[in-house]
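Accompanying notes for the structure given below.
Only the coordinates and a few stated rules stand behind these numbers; no lab work does. Quantities reported herein were computed from a predicted structural model and do not represent experimental measurements. In this analysis, Cβ positions are derived from the backbone assuming ideal geometry, glycine residues included, and neighbour counts consider all displayed protein chains.
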Amino acid sequence: INSGTTALFDMSAGGDFGGGKNISAGAQIKSLTYEDSVASFAKAHTYLNGGMVFARVSGDTFNLPENAAPQPGDRHWLVSMWLKIANYGAGTANSSNNQVFSFSTSNVNLLAGSMFGLAPITVESASPSAITIYARGRQYVITAALAKLFDGQLHQLAVECLVSDDGTQQRVIVYLDQLNVFDSGWT
């Protein structure tokens, strides 16, 4: 971890960091980085096997601090996370949507408001029929590249975005388990 790293949250880090146990709604987890930020859970969560279990219900979010989100003026960023997605990512009948994550100016995956997000179109008991990465107002449907992310196993997902000096083009690179699985090229 260096001084440029922000918002590094580990659900298994107990003690002063707040993780490593079952938590109540509103509980805070402290970042392991130098900037001392905190994030909070909207609902109560069960801690299991080193992570927090999401119950697949509407409004079940882990709310990150603002400095964790890529900003419109950023020219190069990378977001990395460890995810174990059960049930092929399908929510319940009352879950409203199936966003895996979203850094957005809106609460749904509207292209114009999305800085960065991932949303599958889930199918009960089957791999998602579509998996879309949203980045800086553009969408990349990369279903085949990310299908493995929904197999119920633990995976590392990282998304890198580079923006041209004049801001007219961007390049999105997606890594799954440290392998480059998608590169948009400059568009």
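Net charge within 11 Å of S114 by Cβ-Cβ distance, Lys/Arg positive one each and Asp/Glu negative one each, not counting S114 itself?
Net of charged neighbours comes to +2.
Please find, in a Gaussian network model of the chain (springs between Cα atoms separated by less than 10 Å), the residue of D36, D151, D60 whose mean-square fluctuation is greatest.
Maximum among the listed residues: D36.
Identify all aspartates and glutamates with a Cα-Cα distance to K43 below 18 Å; exclude those on the same chain that are fewer than 8 residues away in sequence.
D10, D60
Shape of the chain from its Cα gyration tensor (a ≥ b ≥ c, root eigenvalues): rounded if a/c is under 1.5, otherwise prolate when a/b > b/c, or oblate?
Values: a/c = 1.64, a/b = 1.16, b/c = 1.42.
Oblate is the answer for the chain, as a/c is 1.5 or above yet b/c matches or exceeds a/b.
Along the Cα→Cβ direction, 7 angstrom out, place labels at V57 and N180. What is the inter-label distance in nm?
In this crude spin-label approximation the distance works out to 4.4 nm.
Using amide H atoms built 1.01 Å from N in the peptide plane, name the residues 5+ places from K43, or on other chains, whose amide H lies under 5 Å from its own.
When sequence neighbours closer than 5 places are left aside, the close amide H contacts are G26, T61.
Could you pull out every one of the lysines with an alpha carbon less than 16 Å from that of K84, ignoring same-chain neighbours closer than 8 positions?
K148
For a quick check: with amide H placed at 1.01 Å from N, whose amide H comes under 5 Å from A13's, ignoring anything fewer than 5 positions away on the same chain?
Answer set, sorted by chain and number: G19, G20.
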